[in-house]
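Here is the structure we will look at, set down as structure tokens.
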Amino acid sequence: MDLKHDEAVEITLNSFDDDEIGSRMSTNYISIREGADVRQAMRELVNQAAENDNISTIYVTDGDGRLVGAIDLKDLIIARGDTDLKKITAVSYPHVYADEPIADCINRIMDYSEDSIPVLDADNKLKGVLTSQELAQLVDDELGEDYAKLAGLSAEEDLSEPLKKSIAKRLPWLMILLGLGLVVSGVVGMFEKVVAHLAVIVSFQSLILDMAGNVGTQSLAVTIRVLMDENLSGKQRMYLVWKETRVGLLNGLILGSMSFALVGLYLMLFKEQTAVMAFSVSFCTGAALLLSVILSSLSGTVVPLIFKKLKVDPAVASGPLITTLNDLVAVVAYYGLAWMLLINFMNL
């Protein structure tokens, strides 16, 4: 029985894109044909082990090379010599396809606990395996790519990256964020009369913006992690939005209350403001913080969900993008409340 692996597999590797499983598979595996007994399988194992040392799992194929199942080496060793391989073959064995994009099956791969995973072609013929080392590298590469997107990079880069490539990876998102930043600045300019009339509120602008950005980034991280589950139902997505809204509301109440007390005391003790003036400003700050935290939690959850619905990688809804959007929300909330509560209503 001829079980040697021909060189066609090496040629196949060159036909796959870098993003496909086939480009990362190895031909270092042991396979035997179905119908053999344990004694015959052991002889084949010894013969093939001279060239392929990945022997912890032995794959069983039919006469056309299609995967039938897999046998754990331990089960093969302790089985009697005349035992039919069917009795120790796991037929429901996890596998991936050579033409599958890595990004589409990385979540399945992370759930597998096997030392190696068979790689099949469109006809379910065994073409190679993903070894444990390659599995770990795939997961590391995918996580690195998502981390790069969260940082606002178009792709991952390392220390040896040429200067031009590093700039090319970073500049596109920076240009988009520059445009959004100009929008934020334009909105602030709309409230210049508020700032001129009550300059003290400018002191706490960064407080509102920073907290809004922090909360939005937290919600974004949670949402992207949840969206890694490809089987997430619409009901579960709605529950995620509802949960993050409640988290934002409770966090906003706590942070807003702390802001109300601390800002008021600060203005009274260090800026010598009257109690009415100090706590009027701190009330506006606390209310704006509450509103910003709630809206930031929503944006950090809803934006990646929308991206996912549009078939766009939700990691593209990166930290810098969410932060800039939340800056816009926070600015409108803060200065809008200051204009309505402090100037129009209280005539401060």
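Table for the structure above
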{"quantity": "Close pairs (6 angstrom Cβ cut-off, 6 or more residues apart or separate chains): crowded, with 16+ Cβ neighbours inside 10 Å in the stretch 63-84, of a type in the set (Asp, Glu) and part of a loop (DSSP other than H, G, I, E, B) anywhere", "calculated": "68/34; 68/62"}
{"quantity": "Condition check for residue 292: modelled with pLDDT of 90 or more, closer than 18 Å to residue 207 by Cβ, among the hydroxyl-bearing types (Ser, Thr, Tyr) and in a helix (DSSP H, G or I)", "calculated": "yes"}
{"quantity": "Failed criterion for residue 181 (all others in (1) surrounded by 18 or more Cβ atoms within 10 Å (Cβ to Cβ); (2) at pLDDT 80 or above hold)", "calculated": "(1)"}
{"quantity": "Among the candidates 259, 233, residue that is within 21 Å of the chain's Cα centre (by Cα) and hydroxyl-bearing (Ser, Thr, Tyr)", "calculated": "233"}
{"quantity": "Filter result for the condition that a residue is touching an Asp or Glu at 6+ places or on another chain (Cβ under 9 Å), surrounded by fewer than 16 Cβ atoms within 10 Å (Cβ to Cβ) and among the hydroxyl-bearing types (Ser, Thr, Tyr), over 219, 166, 206", "calculated": "166"}
{"quantity": "The stretch 319-348 residues that are acidic (Asp, Glu), paired with ones that are surrounded by 18 or more Cβ atoms within 10 Å (Cβ to Cβ) and in a helix (DSSP H, G or I) (beta carbon under 6 Å, 6 or more apart)", "calculated": "327/184; 327/209"}
{"quantity": "Pairs with Cβ under 8 Å, 6+ apart, first in the stretch 287-312 and in the same structural domain as residue 232 (by TED's automatic domain parsing) and free of Cβ contacts under 8 Å to residues at least 12 places away in the same chain, second of a type in the set (A, V, I, L, M, F, W, C) and surrounded by fewer than 22 Cβ atoms within 10 Å (Cβ to Cβ)", "calculated": "307/316"}
{"quantity": "Subset of the stretch 45-62 [more than 39 Å from the chain's Cα centre (by Cα) and crowded, with 18+ Cβ neighbours inside 10 Å]", "calculated": "45, 48"}
{"quantity": "Qualifying residue in the stretch 145-154 (condition: surrounded by 14 or more Cβ atoms within 10 Å (Cβ to Cβ), modelled with pLDDT of 75 or more and either out of contact with any helix residue (DSSP H, G or I) (no Cβ under 9 Å at 6 or more places or on another chain) or of a type outside the set (A, V, I, L, M, F, W, C) (or both))", "calculated": "no"}
{"quantity": "Extreme residue, nearest to residue 313 (Cα to Cα), among residues of the stretch 125-143 that are modelled with pLDDT of 70 or more and among the hydrophobic types (A, V, I, L, M, F, W, C)", "calculated": "138"}
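For every residue, the table says whether it meets (1) over 23 Å from the mean Cα position of the chain (by Cα); (2) more than 20 Å from residue 323 (Cα to Cα); (3) not assigned by TED's automatic domain parsing to the domain that holds residue 334.
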| position | (1), (2), (3) |
| --- | --- |
| 168 | no, yes, no |
| 174 | no, no, no |
| 185 | yes, no, no |
| 193 | yes, yes, no |
| 201 | yes, yes, no |
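The values are calculated or read from the model by the stated rules, or taken from the named source; none is laboratory data. Worth saying up front: this structure is predicted, and the values here are computed from it rather than measured. Here the Cβ is made from the backbone with ideal geometry for all residues, glycine too, and neighbour counts use every protein chain on show.
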